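Some notes on the structure that comes next.
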Amino acid sequence: MSAVQSAITTAEQQHRIYKQFDWIIIPIVVLVVIGAFHIHAMLTMGDWDFWIDWKDRRWWVTVTPITLIFFPAALHYLLWENFRLPFGATLACAGLLIGEWANRVANFVHWAYFPMNMVVPSEIIPMALCLDAILLVSRSLTITGVLGCMVWGIIFYPSNWAIIAPFHVPVEYNGTMMSVADLIGYNYVRTGTPEYIRMIEEGTLRTFGEDVTPVSAFFAGFISVLFYFVWLGIGKWFAKTTWMKRI
Amino acid sequence: MLNIKKTIAVLIAITAGFVALYAAPAMAHGEKSQAAYLRMRTLLWYDVEVSTTKLQVNDELVMTGKFYWFYDWPNNIAKPEVAFLNIGIPGPVFVRKASYINGVSGTNSTRFDIGETYEFKVILKARRAARVHMHALMNVKEAGPLIGPGRWVEVTGDMADFTNEVTTLTGETIDLETYGLVNAVKWHIFWGVIAAAWLLYWIFQGPILIPRYKKVKLLGEDADDMITAGNRLVGVVLLIGTLVVVTWSYFNAYAQYPITIPLQSGQITIPALPDAARGVTAEVVDAKYRVPGRALEFSLKVTNNTDSPIRLGEYTAANIRWMNPEVSQAEPADSHDPVASNGMSYEGGAVFPGETKLLKVTCTDAAWETYRLAKLIYDPDSRFGGLVFFFGEDGSRSIVAIGGPLIPAFI
Ligand SMILES: [Cu+2]
């Protein structure tokens with residue numbers, strides 16, 4: 001390392017090298033995030049995120065924010081503690097969406113021929129922006145964890161309603177009433193995903209009747225708060241690696 | 001550097017692989033890979049027909065048939081408490097316009113009764129050009145897919161001509177191929193641009209990693225001072241702006257689509273068809289599988305309570321048919337349709353009304369090996385099953401489920 005440093009003689013040179021470092025490291029981080037976060041998302045959210053007829057008021061609303069808080073929390077810790085940079089959540093979520101869109105278009109549409117409107121990923125940018133903005137304004141990971149993660153969980157469903165509302169218009173079909181989303185799920189044959197596999201609109205929250213979405217959203221927010229702190233810890237452990245100290 | 005690139009490439013490949021596996025399970029002749037006892041003693045399909053095997057995009061194909069839930073259901077396979085009538089095709093080559101079980105719409109999952117027969121009808125509309133081996137299929141919760149007979153079907157034409165229009169209860173006619181997509185993409189682009197602006201706002205503040213890292217370590221406790229008032233103002237604007245847009249978009253969508261319903265998922269029970277045996281009983285007295293001759297031999301105690309003499313015309317199991325051409329003829333529908341046109345013969349002749357008789361039946365064909373049914377004798381529960389078809393002189397047909405232990409004969 002000392003050999004490299006001795007070659008830098010002017011501030012301008014140093015500035016250029018730092019900039020080059022940015023341009024090498026940032027794309028790598030973005031690609032790793034896309035890959036790792038995407039695998040994590042597929043193994044956890046999976047079908048809820050893949051299919052329009054899985055995006056329900058209970059499971060999808062709960063599962064998505066809770067499982068997705070992991071990477072934003074870890075990146076928040078890493079980027080905030082070491083660089084005072086507040087864009088970890090947006091970086092993670094935007095990266096995930098790039099990966100998801102690439103996969104949906106390439107695999108679901110061009111390879112398996114599902115229509116694109118059936119497999120549009122969930123909108124997760126607004127919640128990430130709020131989480132980052134709350135970190136920036138509060139300058140506190142604790143406040144972000146408590147307040148930010150509640151917002152993160154709560155606004156997930158409203159952020160997506162503009163996209164999924166058209167798919168919840170009712171249709172009469174062969175004597176039964178279905179939503180457009182259900183009908184798409186029925187029309188476009190999925191040999192490996194029969195109707196009963198859908199985990200939708202079920203669970204103990206049923207007793208809340210029509211208020212199920214807000215209850216699910218608050219529940220998602222609450223659990224996200226818990227997991228945020230768990231993953232801050234994991235971020236801390238990752239950040240301990242010695243490569244940082246050697247620069 | 002190279003290693004990281006390699007790692008990323010591997011990660012992306014794994015990711016793509018996962019989705020590929022997930023999106024379209026390979027259905028190519030999975031029919032042979034399932035255990036023999038499972039294929040012979042779960043769901044027995046018969047009378048399966050397709051209305052056509054060559055069609056154009058937008059043309060319809062109707063698949064009909066019957067299935068019987070075998071009375072001696074294997075203990076280790078989940079019973080059909082929740083099941084869904086499906087079609088085995090690689091991705092949506094067809095859209096399923098309608099499916100019926102005993103005339104009841106099959107949009108929902110269904111409960112079925114063991115020992116009962118049902119008939120089905122599936123109406124499919126061709127969506128893209130392809131040549132596929134299409135199967136009737138029953139998904140049973142916790143038991144997996146139970147595959148029915150397959151047919152080669154060829155679709156020609158251009159997918160671009162395909163439409164899938166439906167009229168909603170709010171009176172709008174929509175094409176499900178594209179419905180709601182422009183709106184979804186528009187929102188993803190909108191938020192994508194905001195996200196990019198937010199990230200670039202930070203990245204373009206000069207080199208950010210090393211200088212900021214050094215500064216954070218230098219300032220220690222006071223590192224929060226690196227955040228300027230201008231930064232925080234941007235944060236406030238971003239937070240309020242995001243919340244305002246989300247709230248607006250939420251209520252705007254409600255205004256645009258005032259009538260919406262939650263996703264529907266119910267389960268129905270469909271009454272079975274009347275007993276297809278129609279007064280004939282048949283019981284396996286003993287059965288053996290002759291390995292060198294590839295032949296199943298069994299004696300059947302048959303009682304005829306109908307008013308017409310009956311003769312045995314067919315034995316079917318695992319979607320394979322052994323025909324007795326003297327009584328009932330059938331030819332393979334295509335290259336992958338296992339019909340042994342001449343595969344069955346028996347001693348004993350006609351069973352007259354009121355008579356009880358022992359028939360000695362032999363079912364021979366290479367299909368015992370090629371469809372891996374002979375492996376039954378190595379299964380943990382080497383019992384066989386199937387349906388026998390009796391034909392009356394008046395043209396009536398009686399279908400009886402039979403089964404029992406199978407003893408191999410190696411010499
Ligand atoms: Cu096949």
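The values are calculated or read from the model by the stated rules, or taken from the named source; none is laboratory data. For clarity, every value in this text was computed on a predicted model and none was experimentally measured. Glycine also receives a Cβ, built like all others from the backbone with ideal geometry; neighbour counts cover every protein chain displayed. Protein only, heavy atoms only, side chains kept; ligands, DNA and RNA dropped before computing areas. Shrake-Rupley method; radii C 1.70, N 1.55, O 1.52, S 1.80 Å.
Per-residue Karplus couplings for the range B:238-246, computed as 6.51 cos²θ - 1.76 cosθ + 1.60 with θ equal to phi - 60°, are listed in order as 4, 5, 5, x, 4, 5, 5, 5, 4 Hz, Gly and Pro entered as x. Of the GluC sites (Glu not before Pro) in the range B:125-185, the ones in a loop by DSSP (not H, G, I, E or B) with at most 12 other beta carbons within 10 Å are B:142. Counting, for every residue in A:19-27, the Cβ atoms of other protein chains within 10 Å of its Cβ and taking the mean gives 4.
Ligands, DNA and RNA left out, the 1.4 Å accessible surface of chain A is 69% carbon and sulfur atoms. Using a simple spin-label model with pseudo-atoms 7 Å out from Cα toward Cβ, residue B:267 and residue B:355 lie 4.7 nm apart. Is the shape of the range B:280-409 best called rounded, prolate or oblate, per the rule: a/c under 1.5 gives rounded, else a/b larger than b/c gives prolate, else oblate, with a ≥ b ≥ c the square roots of the Cα gyration tensor eigenvalues? Since a/c reaches 1.5 but b/c is at least a/b, the shape of the range B:280-409 is classed as oblate.
Pairing chain A with chain B buries about 9700 Å² of accessible area. This figure sums both sides and uses a 1.4 Å probe. Close amide H pairs (under 5 Å, H built 1.01 Å from N) link residue A:114 with A:109, residues at least 5 positions away or on another chain. Database remark: amide H of residue B:58 closer than 5 angstrom to the amide H of B:126, B:127 (H placed geometrically; neighbours at sequence offset of 5 or more, or on other chains; Pro and chain starts carry no H). With all protein chains in place and a 1.4 Å probe, the accessible surface of the range B:181-256 carries 72 percent carbon and sulfur. Averaged over the residues of peptide A:89-97, the number of Cβ atoms from other protein chains lying within 10 Å of each residue's Cβ is 3.
A prolate overall shape is assigned to chain B, the ratio a/c of its alpha-carbon gyration tensor axes (a ≥ b ≥ c) being 1.5 or greater and a/b exceeding b/c. How would you classify the range B:181-256 from its alpha-carbon gyration tensor, with a ≥ b ≥ c the square roots of the eigenvalues: rounded for a/c under 1.5, else prolate if a/b is greater than b/c, otherwise oblate? Prolate, since a/c reaches 1.5 and a/b exceeds b/c.
Distant-in-sequence amide contacts of residue B:403, defined by a placed amide H-H separation under 5 Å and a gap of 5 or more residues or a different chain, comprise B:284. Phi angles of the range B:316-325 translate, via the Karplus equation with coefficients 6.51, -1.76, 1.60 and θ = phi - 60°, into HN-Hα couplings of 9, 7, 6, 6, 10, 10, 9, 9, 9, x Hz per residue; Gly and Pro are given as x. The alpha carbon centroids of the range B:323-343 and the range B:251-277 are separated by 41 Å.
Legend: mean number of C-beta atoms from other chains within 10 angstrom of residue C-beta atoms, peptide B:61-67, equals 0.
Averaged over its residues, the range B:280-409 has an accessible area of 43 Å² per residue, based on protein heavy atoms and a 1.4 Å probe. Per residue, the range B:110-221 exposes 44 Å² of accessible surface when a 1.4 Å probe is rolled over the protein heavy atoms with every protein chain present.
3J(HN,Hα) along the range A:56-67, derived from phi through the Karplus expression 6.51 cos²θ - 1.76 cosθ + 1.60 where θ = phi - 60°, amounts to 9, 8, 10, 5, 4, 5, 8, 5, 4, x, 5, 6 Hz, with x in place of Gly and Pro.
Using only Cα atoms, locate the centre of the range B:60-89 and the centre of the range B:134-160, then give the distance between them in Å, rounded to an integer. After rounding, the separation between the Cα centres reads 12 Å.
Relative to the longest principal axis of the Cα atoms of chain B, helix B:181-203 runs at roughly 40 degrees. Across chain B, the longest run free of exposed loop sites, meaning chymotrypsin sites (Phe, Trp or Tyr not before Pro) lying outside DSSP classes H, G, I, E and B with no more than 12 other Cβ atoms within 10 Å, spans B:205-409. Here the sum of -39500 (n - 2.57) over DSSP H runs of 4 or more residues, divided by the residues of chain B, equals -7500 deg cm²/dmol at 222 nm, to the nearest 500.
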